[in-house]
Amino acid sequence: MGQPEQEQRPAFINRPGCKTDKTQVRAWSRPQSQARPYQLRHISKRAASMAIMLICSAPLMMINSQPLAAQTAAKKLFGKKKAPANLQARAIGSYAKGCLAGGRALSIDGPAWQAMRLSRNRNWGHPQLIAFLERLALDAKAHDGWNGLLVGDLAQPRGGPMLTGHASHQIGLDADIWLRPMPERRFSRQEREKVSAISMLKKGTRSIDQNKFTMAHFRLIKRAASTPGVARIFVHPGIKKALCDRAGANRAWLRQVRPWYGHHYHFHVRMGCPADSVGCKNQAPPPTGDGCGKELAWWLSDEPWKPKKPKKPKPGTKPKPRRQITLADLPQACSAVLDAAPYGIAGQAISPQSGYQQIPVLLQLPKARPLQN
């Protein structure tokens, strides 16, 4: 005998519509020898038809083992949370399908950085990401000719899918760093909403503007990519080409720098999973080599940029709306993250605008050092 099937509910409940058609009635009134574990045994077609009607008319909560919140778009649930979960720091799930426990805020102002777009409340991350950003900012200012970081989106207080923008940035291990150095002065809160990052490309091309992309940009990205624990850095293919051209003999760090669409106003840092984050799923390592050969040539060709032709819907059918990620799609631990009390004192949530606080460095970072090229 084969293994019993794992389905726990009648198959028709998962189909669009719920009708007492002949196929479903026959399926529910099969002889016992042909019946599946979830089907009724030895009942008449009339009884089967009545059973289907009763179940289909029941409320959703009665026929679905998942609570109603689990069927809600996860971006709405996580987007409402204004403070992190008072849990041990942990990145849960994958970069594009997960959440963050025990998140910490990157202070909006530090010795060598400023957080941008404060209204989004996305300056939260795993403590290892926060430690990396703080150290990178200080070292780049001291050794690379980079005045300070302008930091864009990290994650929401509890990670998870966002109401707008990114598909990733869900587990507190992603950060966007603007390719515009911090000015000597502090931006006001209003300016941080309106000031724009600067594209490194020549207008209408896929090549960098040599007057914009400087050796300070090169040294900043090289330092970030050379840091242990960094899994990937995403940049525009034109920027990757400039890095390849200027790298010299020391090219190992280029493996971490990956070409991708967009990313000519900022570069995207992705940390690997912390060792103590149970359930965190790393991305597969980048291909070996510096990535400056055939792959980059393809990215710089016209092929990746050709718009895809939309599929024509069948006559008489409407295009299906894009399915939203729900809480049920995320790791089970994300439900506990949503339900957890906010982190703070006496139940009061901490504020990302509470001023600079040094986060203990939990990640083994390289010592500050000058870079020669």
The listed residue being in contact with a strand residue (DSSP E or B) (Cβ under 6 Å, 6 or more places away or on another chain) and either crowded, with 24+ Cβ neighbours inside 10 Å or closer than 12 Å to I171 by Cα (or both), out of A89, A96, A115 = A115
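Please find, among R258, R206, the residue that is touching a residue at least 60 places away in the same chain (Cβ under 8 Å) and either over 19 Å from F132 (Cβ atoms) or in contact with a Phe, Trp or Tyr (Cβ under 7 Å, 6 or more places away or on another chain) (or both). Reasoning before the result, please.
Values: R258 fails: touching a residue at least 60 places away in the same chain (Cβ under 8 Å).
Unique residue meeting the criteria: R206.
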Of the conditions (1) polar (S, T, N, Q); (2) open to solvent by less than 60 Å² (accessible area, probe 1.4 Å); (3) within 30 Å of G98 (Cβ to Cβ); (4) more than 17 Å from the chain's Cα centre (by Cα), the single one that T326 does not satisfy is (4)
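Conditions (1) in a strand (DSSP E or B); (2) over 29 Å from R322 (Cβ atoms); (3) of a type outside the set (V, I, T); (4) at pLDDT 95 or above, marked per residue:
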{"site": "M53", "(1), (2), (3), (4)": "no, yes, yes, no"}
{"site": "M62", "(1), (2), (3), (4)": "no, no, yes, no"}
{"site": "S65", "(1), (2), (3), (4)": "no, no, yes, no"}
{"site": "A69", "(1), (2), (3), (4)": "no, no, yes, no"}
{"site": "K75", "(1), (2), (3), (4)": "no, no, yes, no"}
{"site": "G93", "(1), (2), (3), (4)": "yes, no, yes, yes"}
{"site": "C99", "(1), (2), (3), (4)": "yes, no, yes, yes"}
{"site": "Q114", "(1), (2), (3), (4)": "yes, yes, yes, yes"}
With respect to P304, determine if the residue is within 21 Å of D245 (Cβ to Cβ) and in contact (Cβ under 8 Å) with a residue 40 or more places away in the chain.
-> yes
How many residues does the range 237-258 contain that are open to solvent by 10 Å² or more (accessible area, probe 1.4 Å), under 21 Å from the mean Cα position of the chain (by Cα) and not basic (K, R)?
-> 1
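The values are calculated or read from the model by the stated rules, or taken from the named source; none is laboratory data. What you see is a predicted model, and the numbers here were worked out from it, not measured in a lab. Don't worry about glycine lacking a Cβ; one is built from the backbone with ideal geometry, like all the others, and counts go over all protein chains shown. When the accessible area is computed, the model is the full protein with side chains, heavy atoms only, and any ligands, DNA or RNA have been set aside. Shrake-Rupley method; radii C 1.70, N 1.55, O 1.52, S 1.80 Å.
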